[in-house]
1. For the condition surrounded by fewer than 23 Cβ atoms within 10 Å (Cβ to Cβ) and more than 18 Å from the chain's Cα centre (by Cα), what is the one hit in GLY315, GLY225?
2. Restricting attention to the stretch 256-267, report how many residues are crowded, with 17+ Cβ neighbours inside 10 Å and either farther than 15 Å from PHE198 by Cα or without any contact (Cβ under 8 Å) to a residue 40 or more places away in the chain (or both).
3. In the list VAL80, VAL66, VAL106, which residue meets the criterion of being touching a Pro at 6+ places or on another chain (Cβ under 9 Å) and either among the aliphatic types (A, V, I, L, M) or more than 30 Å from PRO175 (Cβ to Cβ) (or both)?
4. Restricting to the stretch 72-101, name every residue that is among the hydrophobic types (A, V, I, L, M, F, W, C) and assigned to a loop (DSSP other than H, G, I, E, B).
5. Against the condition farther than 30 Å from ALA237 by Cα, among the polar types (S, T, N, Q) and surrounded by fewer than 18 Cβ atoms within 10 Å (Cβ to Cβ), how does THR127 come out, does it pass?
6. Which pairs do you get when a residue that is without any contact (Cβ under 8 Å) to a residue 40 or more places away in the chain and more than 21 Å from ALA129 (Cβ to Cβ), found in the stretch 41-64, comes within reach of a residue that is among the hydroxyl-bearing types (Ser, Thr, Tyr) and not in a loop (DSSP other than H, G, I, E, B), reach meaning Cβ atoms under 6 angstrom, with the pair 6+ apart or on two chains?
7. Residue check, ARG197 against (1) in contact with a Pro (Cβ under 6 Å, 6 or more places away or on another chain); (2) outside any helix (DSSP H, G or I), all met but one. Which one?
Amino acid sequence: MPPSATDGRESDSSRLPVPADRAIGIDVGGTKLLGVVVDTAEPSTPIAVVRRSTPVGTEALVESLVALVAELDADTSAPVGIGLPGLVDHDDRFRYGPNLPAVDDVDLGDLLGSRVGRPVVVDNDATCATAAEFRFGAGVGHSDGVLLTIGTGIGAGLFVDGTVRRGANGFAGEPGHMLVDRNGPACPCGRRGCWERFASGSGLGRLGRDAALAGRLSAAVDLAGDAEAVRGEHVVAAARDGDRDAGAVLDEFAWWLAAGIGNLVDVLDPSIVVLGGGVMDASDVLLDRIAEAVPAQVMGSDHRPAVTIAVALAGEHAGAVGAALVASESV
Ligand SMILES: [Zn+2]
């Protein structure tokens, strides 16, 4: 068991102090580790930020995390929160994550806690980002909302009745794998036609290539050099230049996003859906399209308040800062 905040005695000078207002958060991505130290009273601006590349394999990951914790905070025994892309159970065990293929089902909380001698909490990365977003980001003032991080895939977190929800096992909030087309493209999760195959960055790229191969989208093809090379960024750049074909692809992409958002609104009745992730760097050409497409996808939309569609504000450190918040609240 990791030490608790109360088991250090004042006479025991060998123990490092456990500060009440400091926590460490580490966001484990497919390619990089982002570590922060935050003052939990003012978490929006980290005290320290360290980036490292994500090593391959479970043992190498644990060694990197141990080193990163020591580098971030050698002077206290501040609690540590780790956010990972995938299924993490209530006992801090990482179960499964298609974007961390070299990391096995592992009891990361116990393993890391025994190495660093501090409280360690492990959680889903998007759930961590949701904790940050509703604490000091776009979700402030809302008791019920959803965070969607639109990147290579779709990460998500659920905020219900004023708290982050994790479900019976800790696995709630994976709407990217809602099945929307039984004949759709293959998904890394092993099924076909998951929502994120259409409504993520890779989905936008595929919609763009389909349009280019059908003879449309010449402006994006010029930017990419070849129809097969068209990616989402080329579609976005062409749309910003006013290209109508590219705008039509963004309309189609916004429809797919709105279709899934509408399903989530029907299930959860949130007052806000916050959109983050790399794709939302194109919010200037996407946000209005998505917001305009959502009402038609919501049951009885003429008879209920409009759900706010907003861009995430908690910033690039949101996952790491949120992991720190989750850890501080668990101590
Ligand atoms: Zn899937």
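1. After ruling out the rest, the residue left standing is GLY225.
2. 4
3. Details: VAL66 fails: touching a Pro at 6+ places or on another chain (Cβ under 9 Å); VAL106 fails: touching a Pro at 6+ places or on another chain (Cβ under 9 Å).
Only one candidate passes the filter, namely VAL80.
4. ALA74, ALA78, LEU100
5. Numbers: farther than 30 Å from ALA237 by Cα: yes; among the polar types (S, T, N, Q): yes; surrounded by fewer than 18 Cβ atoms within 10 Å (Cβ to Cβ): no.
For THR127, the condition - farther than 30 Å from ALA237 by Cα, among the polar types (S, T, N, Q) and surrounded by fewer than 18 Cβ atoms within 10 Å (Cβ to Cβ) - is not met.
6. PRO55/SER64
7. Condition not satisfied by ARG197: (2).
Condition check ((1) more than 16 Å from the ligand (Cβ to nearest atom); (2) farther than 30 Å from ALA70 by Cα; (3) aliphatic (A, V, I, L, M)) across all residues:
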site	(1), (2), (3)
LEU111	yes, no, yes
GLY117	yes, no, no
VAL120	yes, no, yes
GLY173	no, yes, no
CYS189	no, yes, no
LEU204	yes, yes, yes
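The values are calculated or read from the model by the stated rules, or taken from the named source; none is laboratory data. Everything numeric here is computed off the predicted structure, so don't read it as measured data. So basically every Cβ, Gly included, is an ideal-geometry build from the backbone, and we count neighbours across all protein chains shown.
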